[in-house]
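Encoded as structure tokens, the structure appears first; notes follow it.
The numbers here are math on the coordinates, done by the rules we state, and not lab data. Bear in mind that the values here come from a model prediction, so they are computed numbers and not experimental data. Counting neighbours? That spans all protein chains shown, and the Cβs are built from the backbone with ideal geometry, glycine included.
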Amino acid sequence: MSGETGPTSLAPPPGEIEPGSGVRIVVEYCEPCGFEATYLELASAVKEQYPGIEIESRLGGTGAFEIEINGQLVFSKLENGGFPYEKDLIEAIRRASNGEPLEKITNSRPPCVIL
């Protein structure tokens, strides 16, 4: 049985902190609007990049897709009219995990429109 390796773990080595640890995200979204799929897609991308992050979802009002990082609103669909780009949210999380000041995400991709 030489050359075989045991199961691999995604956990960091002892003494190291998982990327994203200590960062808490709350996403408030409108479920009747069909925004749950967007939330799940975004949450999956974030967890892939930052496995130690805490993500909570809450049901919000009509048209809402609001994102808070450590209690600070960093994105609002109600203000921007679209959804955040994953890269912008990942960058905001990186800043939060490094203790850097957060800035509001102002770029947004338009919501999907079916004609």
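Points to keep in mind about this one:
- Gained length - Glu36 relative to Arg94, 0.36 nm times residue gap less alpha-carbon distance: 18.5 nm
- In Hz, Karplus ³J(HN,Hα) per residue of segment 27-36 (6.51, -1.76, 1.60; θ = phi - 60°; x = Gly, Pro): 10, 9, 9, 8, 5, x, 6, x, 8, 4
- Cα→Cβ-extended label distance, 7 Å offset, between Glu103 and Arg24, nm: 2.6 nm
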